[in-house]
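Written below as structure tokens is the structure these notes are about.
Taken together, the values in this text are just the output of simple stated rules run on the coordinates, not laboratory data. The shown structure was predicted, so the numbers you read here are calculated from the model rather than taken from an experiment. Every residue, glycine as well, gets a Cβ built from its backbone with ideal geometry; the counts of neighbours run over all protein chains shown.
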Amino acid sequence: MKLPKSILLLLIAASLFSLTGCNAPATATPTAEPTLDVAAIKQEIYQTVVAQLTADAPKATPTAAATSTPIDTATAAAPVAPTITLPAIITVAPKSTFTAASSYTRYPTWTVTPYTDRASLSFQNPADGLVMAPGQAFDVKWVIKNIGARDWNNEFYIRYISGVKSSTFEVLMLPKVNRGGETEILADFVAPQKPGNYVSKWGLVNDDGVTFFHFNYVFSVK
């Protein structure tokens, strides 16, 4: 069996120490030959052994190889499931269930019905705006047409309302006028003495006493 180098050096050193103790001469015999310095040799051997032991120390005490712990592949490979946070539940308010009443009070719709008796001014002479002298006498002629829904009987009349009065009458009864027919009215006037603008207003009254038509005459005095 081959001994390690470090052990071999230790054995050599031990042998030298034992030789120095056992082989001491009884009597010193002078010689001219050079003597060995045993102490120096021991010191050199000691340093060599220490250096060799220091160099061989990692080899003498090998470090055991690190053992790896096998990984549990079933555990390592298993992915971690993500945590899912569910959104908050939103409660929607129900729609209004109000139902309008199927029946309610209906108010009548008023329809404007034109009055049965109607009239229009077909003709006037002189025209409005004539200039008169103070105290001048003049005549005004009106032609009125029945455009209503019935005939006018002999109870229809015209009456003075306001302004300059006629010198002939304030109330004038009319003859019968059929629907679509006309009647002529002639009145005498005298212009006032004071200069200015004047108007004579009149109304047509039916047999119910209702004034359903107005007409007038406008003139000036200078």
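So here's what we get for this one:
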read-out: Packing rank of 131-139, 151-159, where each peptide gets the mean count of other beta carbons within 10 Å, highest leading; value: 151-159, 131-139
read-out: Residue-count net charge about Asn206 - beta-carbon cut-off 13 Å; Lys, Arg +1, Asp, Glu -1; value: -1
read-out: Principal axis dimensions, the range 119-221 - Cα atoms, whole angstrom, descending; value: 43, 22, 17
read-out: Karplus (6.51, -1.76, 1.60) ³J(HN,Hα), θ = phi - 60°, over the range 167-176, in Hz, Gly and Pro reported as x; value: 7, 9, 6, 10, 10, 9, 6, 9, x, 5
read-out: Relative contact order, percent, the range 119-221 [alpha-carbon distance under 8 Å, six or more residues apart]; value: 35 percent
read-out: Residue-by-residue Karplus 3J(HN,Hα) for the range 129-143, coefficients 6.51, -1.76, 1.60, Hz, glycine and proline x; value: x, 5, 9, 10, 7, x, x, 6, 8, 7, 10, 10, 10, 10, 10
read-out: Filter on Lys141/Lys194; Lys145/Lys194; Lys145/Lys222 - keep pairs with C-alpha separation over 31 Å; value: Lys145/Lys194; Lys145/Lys222
read-out: Two-site label geometry, Asp151 and Val131: point separation in nm, points 7 Å out along Cα→Cβ; value: 4.8 nm
read-out: Kirkwood Rh, Cα atoms: Rg over Rh of the range 145-202; value: 1.08
read-out: Simple label model, 7 Å out from Cα along Cβ direction - Gln193 to Val171, nm; value: 3.1 nm
